[in-house]
1. Is there any pair with a first residue in segment 150-173 that is over 19 Å from Thr2 (Cβ atoms) and a second that is assigned to a helix (DSSP H, G or I) whose Cβ atoms are under 7 Å apart and which are 6 or more apart or on different chains, and what are they?
2. Picking from Ala59, Ala83, Ala54, Ala119, which residue would you name as being closer than 22 Å to Asp160 by Cα, without any contact (Cβ under 8 Å) to a residue 24 or more places away in the chain and not aromatic (Phe, Trp, Tyr)?
3. Going by the structure shown, is Ala13 closer than 22 Å to Asp160 by Cα, modelled with pLDDT under 95, part of a helix (DSSP H, G or I) and not polar (S, T, N, Q)?
4. Are any residues in segment 27-38 in contact with a helix residue (DSSP H, G or I) (Cβ under 9 Å, 6 or more places away or on another chain) and open to solvent by less than 70 Å² (accessible area, probe 1.4 Å), and if so, which ones?
5. List the strands (runs of 3 or more DSSP E) that sit entirely inside segment 39-114 and contain at least 1 residues that are surrounded by fewer than 16 Cβ atoms within 10 Å (Cβ to Cβ) and over 12 Å from the mean Cα position of the chain (by Cα).
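The values are calculated or read from the model by the stated rules, or taken from the named source; none is laboratory data. This is a predicted model, so every value here is computed, not measured. With ideal geometry, Cβ positions are generated from the backbone for all residues, glycine too; neighbour counts draw on all protein chains shown. To get the accessible areas, we keep the full protein, side chains included, count just its heavy atoms, and leave off ligands, DNA and RNA. Shrake-Rupley method; radii C 1.70, N 1.55, O 1.52, S 1.80 Å.
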Amino acid sequence: MTYSPSVAPRPVATARPVVTVGTVTDERQDGQANTAQFGTIRGGYGNPLRRLAAPQPVAEVVAQGFRDALAARGLLAGGGSGAYELRVRVIRYNANKLIRTEANTQFQAVLVNRATGIAAWTGEGRSDLIEAGNIVAAGIIADPEELRSTMLRSMAAAIDQILDRPDFLAALR
């Protein structure tokens, strides 16, 4: 499960590789915290038919998504040598398929100055995608890749929302 930007990221004109991705904690309250589970395909009465999981825990998927997004903007520092560390809390990361396909993500981020240990910026990214589904694909014959794709678009939108904020970029100067 890899990051693909919601819109083509523009490299920051004054970008310097100054940010490393620090701790990403999975704080979901839906019983899936600290697992790779992220989605459910449901039957006609809303009963779970199939649960979906990422190849690694969600916290690692999100961390890699932030690393990829920072690299696309020219902001990722290699080898943990950045002046700033971005710490992320995963509040929501789930998807459902009944007739519609829904994906919800919410991240809270803190940019910490590594020299001082003081937070230089805090913010949140959130994405709620609801897409019309294929009625034929509902239930047992639903395509898990459709749900996975919607989840990744939601994750990318929330990440982009954080990294493209003018106050985030201003904190790096």
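1. If the second residue must be assigned to a helix (DSSP H, G or I), the pairs left are Phe168/Ile162.
2. On the way: Ala59 fails: without any contact (Cβ under 8 Å) to a residue 24 or more places away in the chain; Ala83 fails: without any contact (Cβ under 8 Å) to a residue 24 or more places away in the chain; Ala54 fails: without any contact (Cβ under 8 Å) to a residue 24 or more places away in the chain.
Being closer than 22 Å to Asp160 by Cα, without any contact (Cβ under 8 Å) to a residue 24 or more places away in the chain and not aromatic (Phe, Trp, Tyr) holds for just one of Ala59, Ala83, Ala54, Ala119, which is Ala119.
3. Here the answer is no, as Ala13 does not meet what is asked.
4. Narrowing segment 27-38 to residues in contact with a helix residue (DSSP H, G or I) (Cβ under 9 Å, 6 or more places away or on another chain): 28, 32-38.
Arg28, Gln32, Ala33, Thr35, Ala36, Phe38 - these are the residues of segment 27-38 that are in contact with a helix residue (DSSP H, G or I) (Cβ under 9 Å, 6 or more places away or on another chain) and open to solvent by less than 70 Å² (accessible area, probe 1.4 Å).
5. Here the list reads 48-53, 101-113.
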